[in-house]
Each structure stands twice: as C-alpha cells, then as structure tokens.
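S.K.: Supplied in structure tokens, the structure appears directly below.
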Amino acid sequence: MLSSFSWLDFLSAFIVLFAIIDPVGSIPIVVGLREKGKTVHPGRAVICAFSFLFVFFFVGDALLRLFGVDINSFAVAGALVLFLLALEMVLDIVIFKDTAVVGNDATYVPVVFPLLAGAGSFTTLLSLRAEYSPLSILVALFANAIVVYVVLLMTKGIGRVLGKAGLYFIRKFFGVILLAISVRLFTSNLSYLIESIGG
C-alpha cells in the first residue's frame, strides 16, 4: 500500500538509491566538466532527473506487464545490474557510464543521463518495489533529490573538503554496501521465483 511507511524501509531504500545515484562519486566528473567550460545547472538537473525517476516508479510496473515480466523476475535482473555497478565502484572499472557531452550545456548529458537517471537508477527503483513499501521508496527518492541538489550546488567545496582520498573511501564504502544489497536482493527474489515454480 502507498500509505504504508517504514523507517527501516526508508533507510534501506535511501542507502541503495544514494549508492546507485552516487552523487559524491560524480563530483570529480562535474568539476571536470566545469573546468572545461561546460555549464551545469543543479536545479534543472535534479528536477529533470528525479521527475523521470518518479514517473517511472509508477509506470514501470505497467511497462513490465506489457512485456509479460513480473516484478520479482525484474528484481533478479536488477540485482545483477546492481552487482555490476557495485563492481564498478569497488574495482575502479567502467562498465556502464558514458560521459559524452553535447554542446556547452552538460546539465542533461551526462549529469541527468546517465549519471543521475541512468539505467541503474531505473532498474533499482523497480527492484526496490519487490522489497520495500512504495511510500518509503518515494520518500527516500525525495531525500536523495535534496542531497544531490546540495552536492551539485557545493561541488567544488565538497571536493576540496573530502579530497581525493575522502572521495575514494566513500565510493568504496558505498560500493561494498551496494554489493551486499544486490546479493540479498538476488537471493530473496530468486527464492520467491523458485517457490512459485515449485508451487
């Protein structure tokens, strides 16, 4: 039910979304874009990215049914994507992200897509629906939007305070957390699918 809210679900969903959106890990990219003379508008980026994610949260399930896919099957596939994204963060390899920039405005490409609202973010939203209450996920999404806005607004300052070592540590820390969550998401939903087949 949309009306149900759980602080535990909220905290778990917030951590997952924070790790997958990775605003702190995007700081070096945003700083680099600005140093090259590219424009990044924090407000526009956050409104656009999280509007896409909000809409997809409600229509994504219908899209799955259109293709005959249930939420648990999608969660298993999403867990695999999260696993690969976590490996990116932990092992310093690039699998998904493309930082191509069109023109001088980098707000929409690559900041909105694929950094904030990429394939991993969309996949994560629907995968979380198989585990947590919808309202908790939406509140976690809104909380992440606020955090991302503050981070984008204070990119240079945060980068200077944390330094390269601090950014590196945070990225690794959330990478390990995301790795553990992806494994739990995979095993719980795979168990459900096996039971449904057996039943």
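The values are calculated or read from the model by the stated rules, or taken from the named source; none is laboratory data. The model shown is predicted, which means the values in this text are computed figures rather than measured ones. Neighbour counts are summed over all protein chains in view; Cβ atoms, including those assigned to glycine, are modelled from backbone coordinates with ideal geometry. To get the accessible areas, we keep the full protein, side chains included, count just its heavy atoms, and leave off ligands, DNA and RNA. Shrake-Rupley method; radii C 1.70, N 1.55, O 1.52, S 1.80 Å.
S.K.: Checking the conditions here, which among Arg34, Arg44, Arg65 is basic (Lys, Arg) and farther than 26 Å from Ala106 by Cβ?
M.R.: Exactly one of Arg34, Arg44, Arg65 is basic (Lys, Arg) and farther than 26 Å from Ala106 by Cβ, namely Arg65.
S.K.: Can I ask one more? Here are some residues: Val176, Val150, Val90. Which one is open to solvent by 70 Å² or more (accessible area, probe 1.4 Å) and either at pLDDT 85 or above or among the aliphatic types (A, V, I, L, M) (or both)?
M.R.: Criteria check complete, one pass: Val176.
S.K.: Against the definition (part of a helix (DSSP H, G or I), crowded, with 19+ Cβ neighbours inside 10 Å and either modelled with pLDDT under 85 or among the aromatic types (Phe, Trp, Tyr) (or both)), how does Leu17 come out, yes or no?
M.R.: Here the answer is no, as Leu17 does not meet what is asked.
S.K.: Under the condition of being over 15 Å from the mean Cα position of the chain (by Cα) and open to solvent by less than 50 Å² (accessible area, probe 1.4 Å), which residue from region 40-49 is modelled with the lowest pLDDT?
M.R.: Once the filter is applied, the top-ranked residue is Val40.
S.K.: Would you be able to say whether some residue in region 93-109 is of a type in the set (S, T, N, Q), surrounded by fewer than 20 Cβ atoms within 10 Å (Cβ to Cβ) and modelled with pLDDT under 85?
M.R.: yes
S.K.: Still on this structure: Here are the criteria: (1) within 15 Å of Val30 (Cα to Cα); (2) modelled with pLDDT under 80; (3) surrounded by fewer than 19 Cβ atoms within 10 Å (Cβ to Cβ). Tell me which single one Ala119 does not satisfy.
M.R.: Answer for Ala119: the failing condition is (1).
S.K.: To continue, here is another question. Would you mind finding the one in Phe56, Phe52 that is farther than 15 Å from Val151 by Cβ and open to solvent by 70 Å² or more (accessible area, probe 1.4 Å)?
M.R.: Answer to the selection: Phe52.
S.K.: Pairs under 7 Å by beta carbon, first residue of a type in the set (Gly, Ala, Ser) in region 75-90, partner modelled with pLDDT of 80 or more and open to solvent by 40 Å² or more (accessible area, probe 1.4 Å), six or more apart or different chains?
M.R.: Between residues of region 75-90 that are of a type in the set (Gly, Ala, Ser) and residues that are modelled with pLDDT of 80 or more and open to solvent by 40 Å² or more (accessible area, probe 1.4 Å), the close pairs are Ala79/Phe186; Ala86/Leu179.
S.K.: Give the residues of region 180-193 that are open to solvent by 50 Å² or more (accessible area, probe 1.4 Å) and in contact (Cβ under 8 Å) with a residue 12 or more places away in the chain, sorted by residue number.
M.R.: Answer for region 180-193, where residues must be open to solvent by 50 Å² or more (accessible area, probe 1.4 Å) and in contact (Cβ under 8 Å) with a residue 12 or more places away in the chain: Val183, Phe186, Leu190, Tyr192.
S.K.: Considering only region 62-74, state which residues are in a helix (DSSP H, G or I) and without any contact (Cβ under 8 Å) to a residue 24 or more places away in the chain.
M.R.: If the condition is that a residue be in a helix (DSSP H, G or I) and without any contact (Cβ under 8 Å) to a residue 24 or more places away in the chain, then Ala62, Leu63, Arg65, Leu66 are the ones that fit.
S.K.: For region 128-136, does any single residue satisfy the condition of being over 29 Å from Val55 (Cβ atoms) and among the aliphatic types (A, V, I, L, M)?
M.R.: no
S.K.: Another question about this same structure. Can you tell me which condition Val148 does not meet? The list is (1) under 24 Å from Lys172 (Cβ atoms); (2) without any contact (Cβ under 8 Å) to a residue 12 or more places away in the chain, and all the others hold.
M.R.: Against the list (1) under 24 Å from Lys172 (Cβ atoms); (2) without any contact (Cβ under 8 Å) to a residue 12 or more places away in the chain, Val148 comes up short only on (2).
S.K.: Restricting region 20-39 to residues that are touching a residue at least 60 places away in the same chain (Cβ under 8 Å) and either of a type in the set (Gly, Ala, Ser) or touching a His at 6+ places or on another chain (Cβ under 8 Å) (or both), which is surrounded by the fewest Cβ atoms within 10 Å (Cβ to Cβ)?
M.R.: Gly37
S.K.: Evaluate region 99-116: report whether one residue or more is in contact with a Cys (Cβ under 6 Å, 6 or more places away or on another chain) and closer than 26 Å to Met154 by Cβ.
M.R.: Looking through region 99-116, at least one residue is in contact with a Cys (Cβ under 6 Å, 6 or more places away or on another chain) and closer than 26 Å to Met154 by Cβ.
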